[in-house]
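Participant: Take a look at this one; I'll ask things after.
The values are calculated or read from the model by the stated rules, or taken from the named source; none is laboratory data. Bear in mind that the values here come from a model prediction, so they are computed numbers and not experimental data. Positions of Cβ are generated from backbone atoms using ideal geometry, with glycine treated the same way; all protein chains shown enter the neighbour counts. Surface areas here come from the heavy atoms of the whole protein model, side chains and all, with no ligands, DNA or RNA. Shrake-Rupley method; radii C 1.70, N 1.55, O 1.52, S 1.80 Å.
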Amino acid sequence: MGRGHMPIGRRELAKQAKRERIMTAARELFAEHGVSGVTTQQIAHRADVAIGTLYLYASTKAELLIMVQNEKFAAAIDDGLAAANAAVGLGVLEPVAALIRPVVECLREHIENGRTYLHELVFGDPAEPYRQAGLTLAGRLEDGITGLLTHNDYIGAADAATLARVITAIIHISTTATVYVRRSAEAVLADIRDQIHATLAPHHRTA
């Protein structure tokens, strides 16, 4: 008998189907009304599951939002890394800007949801599985920025890691601060780019 993958049982298939319905319902409702305008009961109703069943997959509305946003965040990072690789060789700023563009656009697609998502990752329980997954994605973004910065001969590995943390902090503040809520995504991106340029300027002068 071959050593292929074991077939998925009916119970597991049913669980996967329910999870997908819950994810789809949450994704649609959050996009339509924002996280504050949606209840877990509404998500359960649209997913055609009992509220108790929904809580087996996510115990709070915040966890549901994180589940949905994690998927978007992961896709945005993938797109950003691909764009950054295409821009390698154009200096240090252009690849970093290419990486963060889809990430910022993802966070600003629905401003309330993006702000709430980042708030939950920073201030929520880091041991909670969905938050843990989100923090892992944030670490992947930071590592991507670090890698791009190390392409500059005048930025060492330790400085690159520190600068990457500074840049991710710039992204966080620029996409969540209430004073910037009414800004367009392009305006936010332009401001972030200017801040990154200023942050990296001492290294340009060294070069």
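Participant: Within the chain, what is the longest stretch that has no trypsin sites (Lys or Arg not before Pro) placed in a DSSP loop and near at most 16 other beta-carbon atoms within 10 Å?
Facilitator: On the way: sites that count: 3, 182.
With trypsin sites (Lys or Arg not before Pro) excluded where exposed in loops, the chain gives 4-181 as its longest stretch.
Participant: Counting only protein heavy atoms and using a 1.4 Å probe, what share of the accessible area of region 108-207 belongs to carbon plus sulfur, as a whole percent? If you can, show how the numbers build up before the last one.
Facilitator: Details: 2990 of 5330 Å².
Percent of accessible area from carbon and sulfur atoms in region 108-207: 56.
Participant: Also: How large is the accessible surface per residue of the chain, computed with a 1.4 Å probe and reported in Å² as a whole number? Intermediate values should be presented prior to the final figure.
Facilitator: Working: 11250 Å² over 207 residues.
Value returned for the chain: 54 Å² of accessible area per residue.
Participant: If Lys and Arg each add +1 and Asp and Glu each add -1, what is the summed charge of the other residues whose beta carbon sits under 11 Å from the beta carbon of residue 81?
Facilitator: It works out to a net charge of -2.
Participant: Mind checking which lysines have their C-alpha under 21 Å from residue 72, skipping anything on the same chain fewer than 8 residues away?
Facilitator: 18, 61
Participant: If I model a spin label at residue 180 and residue 109 as a point 7 Å from the Cα along the Cα→Cβ vector, what separation in nanometres do I get?
Facilitator: Distance between the two pseudo-spin positions: 1.9 nm.
Participant: Nearest 500 deg cm²/dmol is fine: what mean residue ellipticity at 222 nm does the chain get from its DSSP H runs of n ≥ 4 alone, each adding -39,500 (n - 2.57), divided by its residue count?
Facilitator: Values: 9 runs with 159 residues, N = 207.
It comes out at -26000 deg cm²/dmol, rounded to the nearest 500.
Participant: Enter the angle in degrees (range 0 to 90, nearest 10) between the Cα long axis of helix 157-176 and the first principal axis of the Cα atoms of the chain, meaning the one along which they spread out most.
Facilitator: Once rounded, the angle reads 60 degrees.
Participant: Kindly express, to the nearest 10 degrees and within the range 0 to 90, the angle between helix 129-149's C-alpha long axis and the longest C-alpha principal axis of the chain.
Facilitator: 20 degrees
Participant: Compute the helix-to-body angle for 111-123: its Cα long axis versus the longest principal axis of the chain, expressed 0 to 90° and rounded to tens.
Facilitator: The angle comes out near 90 degrees.
Participant: Here's something else I'd like to know. Residues with beta-carbon under 13 Å from that of residue 114, excluding residue 114: net charge, scoring Lys, Arg +1 and Asp, Glu -1?
Facilitator: 0
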